[in-house]
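The values are calculated or read from the model by the stated rules, or taken from the named source; none is laboratory data. Just so it is clear, the model here is predicted, and its values are computed rather than measured. Virtual Cβ from ideal backbone geometry, glycine too; neighbours counted across all protein chains shown.
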Amino acid sequence: MKKNLFFIAGISLILLASCRHDPEIPVTPITSFQTDVQPILAGNCNMSDCHGGHEKSLITFDDVMNNGDIQPFSAHQSKLYKLITKFSGEDKMPPETPLTDRQILTIYLWIEQGAKNN
């Protein structure tokens, strides 16, 4: 009986360890910078005192790619994604009101789908 219990516990641990934490990246629909990502940044990041119209601007596609240090196909290696998923600290973005889970997922999918200028 004890052998069966240990066997079941071992199988359970293996199954739990193999769980995925990142969402599946859908082939379609394609997440668009212009219609999906840019509105999130415009509403949460591009205020005059934050990332609007200066050296750390996040207004245009080129701004986001350069100032957000985006690594296409690798959200976890992209500075923008790292900052919007931080729970605390001085460099947590946005500093006051965090993005919603849906907004974070949208940015994640856009980066994982290649961070295209579409």
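With the condition kept exactly as written, say whether any residue in segment 84-101 is at pLDDT below 90 and hydrophobic (A, V, I, L, M, F, W, C).
Within segment 84-101, one or more residues are at pLDDT below 90 and hydrophobic (A, V, I, L, M, F, W, C).
If I filter segment 75-115 down to residues being within 16 Å of residue 38 (Cα to Cα) and of a type in the set (S, T, N, Q), which single residue comes out as surrounded by the most Cβ atoms within 10 Å (Cβ to Cβ)?
113
Considering only residues of segment 34-63 that are hydrophobic (A, V, I, L, M, F, W, C) and at pLDDT 95 or above, which is nearest to residue 111 (Cα to Cα)?
Only one residue tops the list, namely 37.
Among (1) polar (S, T, N, Q); (2) in contact with a Ser or Thr (Cβ under 8 Å, 6 or more places away or on another chain); (3) more than 27 Å from residue 24 (Cα to Cα), there is one condition residue 57 misses while meeting the rest; what is its number?
Going through (1) polar (S, T, N, Q); (2) in contact with a Ser or Thr (Cβ under 8 Å, 6 or more places away or on another chain); (3) more than 27 Å from residue 24 (Cα to Cα) one by one, residue 57 breaks only (2).
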